[in-house]
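The values are calculated or read from the model by the stated rules, or taken from the named source; none is laboratory data. Being a predicted model, the structure only gives us computed values, none of them experimental. Here the Cβ positions follow ideal geometry from the backbone for every residue, glycine too, while neighbour counts run over all protein chains shown. Just so you know, the surface numbers come from the protein's heavy atoms only, side chains and all, with ligands and any DNA or RNA stripped out. Shrake-Rupley method; radii C 1.70, N 1.55, O 1.52, S 1.80 Å.
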Protein chains: 2
Amino acid sequence: MVTQPFGAIEAGGTKFVCLVGTGPDDIRAETRFPTTSPERTLQQALDFLSAEQDRQGPLAAVGIASFGPVDLRPDSPTYGQITSTPKPGWANVAIAGAAGAALGVPVGFDTDVNAAALAEQRWGAGRGLHSFVYLTIGTGIGGGGLLDGKLTHGLVHPEMGHIRVPHDLAADPFPGICPFHGDCLEGLASGPAMHARWRQPAEDLPEDHPAWALEARYLALALVTFVCTLSPQRIIMGGGVMSKPLLFPLIRRQVLELLNNYVRAPELLQQIDSFIVPPALGHRAGALGGLALAADAVRAPLRSELTADR
Amino acid sequence: MVTQPFGAIEAGGTKFVCLVGTGPDDIRAETRFPTTSPERTLQQALDFLSAEQDRQGPLAAVGIASFGPVDLRPDSPTYGQITSTPKPGWANVAIAGAAGAALGVPVGFDTDVNAAALAEQRWGAGRGLHSFVYLTIGTGIGGGGLLDGKLTHGLVHPEMGHIRVPHDLAADPFPGICPFHGDCLEGLASGPAMHARWRQPAEDLPEDHPAWALEARYLALALVTFVCTLSPQRIIMGGGVMSKPLLFPLIRRQVLELLNNYVRAPELLQQIDSFIVPPALGHRAGALGGLALAADAVRAPLRSELTADR
């Protein structure tokens, strides 16, 4: 017996990834294409999924893992929309509604980072955990995750890249590049921030360049904030910048130094190598998260955003 | 008909408060006494509640709102204990177990700030909310709250006072007083930090003293971090330092300036006066939280720490 597949759209600021399948070991179709205008890009995604419906039979549901900010409040008139993004043309795009109307199936919808966290919990580095953080450090810095078994939502959703961290201007006079906040975490430590500070792409910086110690410092300061604020069981760090493996040991050491034995959990003090880890699902975590969101959309009562207390 | 009452112990680092009742409008007995040795102080609390049991009939349950760090993991051999506190004599005190054994009733147990948040949700400034933060700014700085309807736990529990915030040493050369972290939030902005920096108690500083603008600055930086990390619907700020009403407008203005319209929720942009608020239950929030924890302990399946996913 073949299980009815789900569709997934990972809507990224630079590219879209679409999948049909049920999980990482059962991907029946996949495509990726650059993000251009919302009309054209959305149509490409929906055309791909429609064609797969024709070929494979109906999808059980579709899950959308979207760049943000997005409106996740089910009682809001703009639920399912990308809201105030500075990305030209993409503000107020009703991405979830468009997919539901075009495909005639239930739609799950969340941030790209929450979706990636859900995929990591189901199939990857978050298995067995009820509370963990998923961070992506790339073109931007974003964070999501599960707290006590539920995806992080709240008033809107977290914007973890925009916390302020200590910035020693004597050691690092770079002012930061966030158009909203200057030297917030994203302004100091995203890929474009590294590029602007050192005048070359992060991936070209040699391993002995001081850029990496500074980058690890800012990320460790942020991780300490997340440990003190969210008390996660694990922090998964993905994204382009984190593809430099040398960062992990640097970050782990600084997190321990900064916490200075204050939070006395063996998971931190004795098992830091399994507390701060890369994603197990690699660059597919977001799109696989779309499949997980789709699966949850057909089991609607399990979706946290539809429970009675919201 | 008289409802069977609950007992509550607010175990603070400087004083204990014990209540018997069912809520803020039904407090049938109350006592407070200074925190000395754990043997003596715990005995005083249990003697008070035992005597009330003799007088009023059996308590339905007892709730303990404790200073920390505490062990909240029900599957842990040290569940219900104060763990690594630097407070002399109080490390590894099994406060929840002692109360259960002495009184023979179910025991609810959580951090003082989580308990205060629960009380504010039930009877105060958190009514109708599923996600909010409760902060106390006093002898220390602590934070708890509810996220998606559940008290914040995670790996251990949040230690929000120990996040790092930007510290401009040129403007504020004070090095901070946290024995673990120096200039973390608590090290810079707790009551004792203000006292050490300005060489006089915070409550004696006149309203036009520059201390208050600096204090508001650090607290606003922290609130921005909590907004970006937890996405709360409201932030309730209590504790001795916050009893200076002038702080609220200063903090609100700086939070808006620091966020710079990035998080576009009307609750923030148009209703900041009801987004950052004092507790409605005042200095009794913690002890009333003990009553709320007790009520939840008799409805055990509702206690998040006993659900299957933990």
Within region A:176-187, restricting to residues that are in contact (Cβ under 8 Å) with a residue 40 or more places away in the chain and in contact with a strand residue (DSSP E or B) (Cβ under 6 Å, 6 or more places away or on another chain), the one that is surrounded by the fewest Cβ atoms within 10 Å (Cβ to Cβ) is A:E186
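Under the condition of being surrounded by fewer than 20 Cβ atoms within 10 Å (Cβ to Cβ) and either touching a residue at least 60 places away in the same chain (Cβ under 8 Å) or outside any loop (DSSP other than H, G, I, E, B) (or both), which residue from region B:234-249 is nearest to the chain's Cα centre (by Cα)?
Going through region B:234-249, the residues surrounded by fewer than 20 Cβ atoms within 10 Å (Cβ to Cβ) turn out to be B:240, B:243-246, B:248-249.
Still in the running and either touching a residue at least 60 places away in the same chain (Cβ under 8 Å) or outside any loop (DSSP other than H, G, I, E, B) (or both): B:240, B:243, B:248-249.
Values: B:G240: 12, B:S243: 15, B:F248: 18, B:P249: 22 Å.
By that ranking, first place goes to B:G240.
Every residue, every condition in (1) in a helix (DSSP H, G or I); (2) within 13 Å of another protein chain (Cβ to nearest Cβ); (3) surrounded by fewer than 18 Cβ atoms within 10 Å (Cβ to Cβ), yes or no:
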site	(1), (2), (3)
A:I251	yes, no, no
A:Q254	yes, yes, no
A:L258	yes, yes, no
A:N261	no, yes, yes
A:R264	no, yes, yes
A:L268	yes, yes, no
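Report yes if some residue within region B:222-232 is more than 22 Å from B:H162 (Cα to Cα), modelled with pLDDT of 95 or more and open to solvent by less than 30 Å² (accessible area, probe 1.4 Å); otherwise report no.
Going through region B:222-232, the residues more than 22 Å from B:H162 (Cα to Cα) turn out to be none.
Within region B:222-232 (the criterion being more than 22 Å from B:H162 (Cα to Cα), modelled with pLDDT of 95 or more and open to solvent by less than 30 Å² (accessible area, probe 1.4 Å)), the answer is no, since none of the residues qualifies.
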In the set A:P206, A:P158, A:P192, A:P173, the lone residue that is surrounded by fewer than 19 Cβ atoms within 10 Å (Cβ to Cβ) and touching a residue at least 12 places away in the same chain (Cβ under 8 Å) is A:P192
Can you tell me which residue in region B:53-70 is least open to solvent (accessible area, probe 1.4 Å), limited to those that are more than 26 Å from the chain's Cα centre (by Cα) and under 18 Å from B:T31 (Cβ atoms)? B:Q53
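So that you can scan it fast, the table gives a plain yes or no per residue for (1) in contact (Cβ under 8 Å) with a residue 40 or more places away in the chain; (2) small (G, A, S); (3) loosely packed, with under 14 Cβ neighbours inside 10 Å:
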{"residue": "A:K15", "(1), (2), (3)": "no, no, yes"}
{"residue": "A:C18", "(1), (2), (3)": "yes, no, no"}
{"residue": "A:G23", "(1), (2), (3)": "yes, yes, no"}
{"residue": "A:I27", "(1), (2), (3)": "no, no, no"}
{"residue": "A:S37", "(1), (2), (3)": "yes, yes, yes"}
{"residue": "A:R40", "(1), (2), (3)": "no, no, yes"}
Scan region A:184-219 residue by residue and report those that are charged (D, E, K, R) and closer than 16 Å to A:I141 by Cβ. A:E186, A:R197, A:E215, A:R217
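Within region A:131-151, track down each residue that is assigned to a loop (DSSP other than H, G, I, E, B) and facing chain B (nearest Cβ under 7 Å). Lay out the reasoning, then the answer.
The first filter runs over region A:131-151 and keeps only residues assigned to a loop (DSSP other than H, G, I, E, B), leaving A:131, A:138-140, A:148-149.
Once the filter is applied, which keeps residues that are assigned to a loop (DSSP other than H, G, I, E, B) and facing chain B (nearest Cβ under 7 Å), region A:131-151 yields A:S131, A:D148, A:G149.
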Quick one: B:W90 ticks every box in (1) more than 20 Å from the chain's Cα centre (by Cα); (2) surrounded by 17 or more Cβ atoms within 10 Å (Cβ to Cβ); (3) not polar (S, T, N, Q) except a single one, so which number is it? (1)
